[in-house]
Structures are given as C-alpha cells and as structure tokens.
Amino acid sequence: MGAQIVRIDRRFLLGAGGALALSPFFPAIAADTKVAPQTVDLAVSATRSTSMMLWRPATVRGVALFSTGHGSAPEKYGQLADLLTANGFAVLAPLHVDSLRHPDRAKFGMMNGFFERFADLRAASAYADAQFPGVPTVAVGHSFGSLIGLCLGGALPYLGKLRNPAVKAVLCFSTPGKIPNLVQPTAYTTLAVPTLLVTGTKDLVPGWATDPADHLYPIESAPAGDKYALVVADADHALVQQDAALARVTPAATSFIRGYGLGDAAARRRLKAFRPAAGDRFIDREQAA
C-alpha cells in the first residue's frame, strides 16, 4: 500500500499522496549531539514537590512541557527528547504522582492524580519562565499525557481553567481515546492551538481504547485549521518509544514544532507539503474557506 495523505476541508473531502523517505532536511540525530538529562527538584505546592527530568540543549530556542503516559516515567522517553532538543527545545518532564516510580503513588487516586498532573506542569511552566524567559512554549504528551497537553491547549474546558496561555502548539502521541464521561462530545471544540496528533494502526489500550480510530477524535472534532494527524502503519501504543516508528514521524514532527512552536514559516510550508512514508496516512484539517 502506498502512502495516504488526507486533507479534510469543511466537507471532509479525502485526497491521496505519495511516499517520502526521511529527507535531507531532517537528518538522523547524531549521537554526539544528544543531550544528557539532569534531574531537578520541582516545588509543586507548599506541601508537595517532585523530581523533574530536564533535557537542555546548548541553545534553548523553545520549551517543551512534557507529560508522560499513565504510570510511566520521563526517562523512558529519551528518543522523543532527542528529537525535541535537536530542534532547540528544552524538555521539562515532571515525575507525575501516578508513576509507578513515584514514592507517594499510593496516596493519590485516579482523579486526584489527573489534576496533580496539571499542578506539576504549572510548576514546570513557572520554572521555564524563570530559567528560559522569552522563549516560546509547546505542550507534548504521550497517552494520558497527551490529554493533559490538549487541555493546556484549550480542550476539555468543562474541567476547569486548565488552558496554559503560553502554550503555542500541542504535539501528542497516542491519545487515550474516548474515555467515557471524561471526554465529552464538546471536549475538543475549544482546542485553540495548532496540534499534531501521532498514532498507529495498532494503537490499542485494553479497557480504554479498543478501536485505533478513536485516537483521531481530537483532530476530527476540533475546529478546522492547523490540526494534523499522522497514522503510522503497524505501530502500536508505544510507538513514541520505538526508534523505527519514531523515525517515520520525525519529518512531520520537526516541521510542526519548528513551524508552530518557533514561528518558522518555511517549516509550516514543509508540513503542508508533507508526504508520509509508504503505508502511513497524513491528515490535514484545513481551514474552511
């Protein structure tokens, strides 16, 4: 099967495109340019602190606030951090209370842990303001963390004031799908920033997302304009941690974060012209005329 590109206008018309291997605009990340992470103590509130993993490139052009998958930990996302730091983004990834590695995990229920993630990222954003003043901010997330990133971009307003006005764009991997009661029909109608959603044809989460197509719901139901999705053939829920799958995503993700995170008009044009690898599918929600 060849690559498929879908441009969705107000009538949701479908189109097709060709295949493209990694172009010379997006070379592989050299081992000697990778950034070693450091661990920072992050004061979240007067009564709670957590550790935060920080990947800091030599020249910081932007900040990526990163939220991990449920139960996971920042150190499992080194490949994604390499992609972001290679483009000048400092990556700030707090250890959330639902992580299996958090010492106080048993003290927090599912819903409490959900809202504590926002507290973590508010603290990380304040840290970024102090350490990297004046640079743009994007939100990045995987699985449950992608839901957090989407909320920072304006989604799920019925949960409270979760929008972070500093966030210029959202890059999310493997959204948790249509979680009953939490993800309502209007969940993404207020998504206010450019978004790139990455998923796979085998992206399943037992008990949560049983249909891979559900991961596309945020892009399908958000307002048109600067909303994109990339579906990687045969990739599963851990695609962001898999070198081969992430390599297929790198050209689009690079154009997206440069274009919408750093304000690079040429990168935005490259994203609009992007052709996915053979078997993959690219969706572009175009602004209605």
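The values are calculated or read from the model by the stated rules, or taken from the named source; none is laboratory data. Here the structure is a predicted model, which means the values were calculated and not measured. Don't worry about glycine lacking a Cβ; one is built from the backbone with ideal geometry, like all the others, and counts go over all protein chains shown. Accessible surface is based on the protein model in full, side chains and every heavy atom, while ligands, DNA and RNA are left aside. Shrake-Rupley method; radii C 1.70, N 1.55, O 1.52, S 1.80 Å.
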Toy charge model, Lys and Arg Cβ at +1, Asp and Glu Cβ at -1: the chain dipole around Cα centroid in debye, rounded to 20, equals 580
Counting only DSSP beta bridges with both partners in the stretch 136-289, the antiparallel fraction in percent, to the nearest 5, comes to 25
Computed over the chain, protein heavy atoms only, probe 1.4 angstrom, the accessible area per residue in square angstrom equals 42
With all protein chains present, the chain has a carbon and sulfur share of its accessible area (1.4 Å probe) in percent of 55
Given 247-254, 72-79, the highest-first ranking by average Cβ count within 10 Å works out to 247-254, 72-79
Here the percent of antiparallel bridges among DSSP beta bridges lying wholly in the chain, to the nearest 5, is 35
For the pair ARG48 and LYS34, the simple spin-label estimate (label points 7 Å beyond Cα toward Cβ) gives in nm 3.2
Of 226-237, 256-267, 51-62, 105-116, ordering from highest average Cβ density within 10 Å down gives 226-237, 256-267, 51-62, 105-116
Read-out volume of the Cα convex hull per residue in Å³, candidates [x] 127; [y] 164; [z] 139; calculated match is [x]
Residue span ASP211 to ALA192: 0.36 nm per residue of separation minus Cα-Cα distance leaves a gain in nm of 4.2 nm
Note to self: C-alpha centroids of the stretch 228-263 and the stretch 185-200 sit apart, in Å, by 15
Too long for a 28 Å Cα-Cα cut-off, among LYS168/LYS272; LYS178/LYS227; LYS161/LYS227; LYS34/LYS202; LYS107/LYS161, are LYS34/LYS202
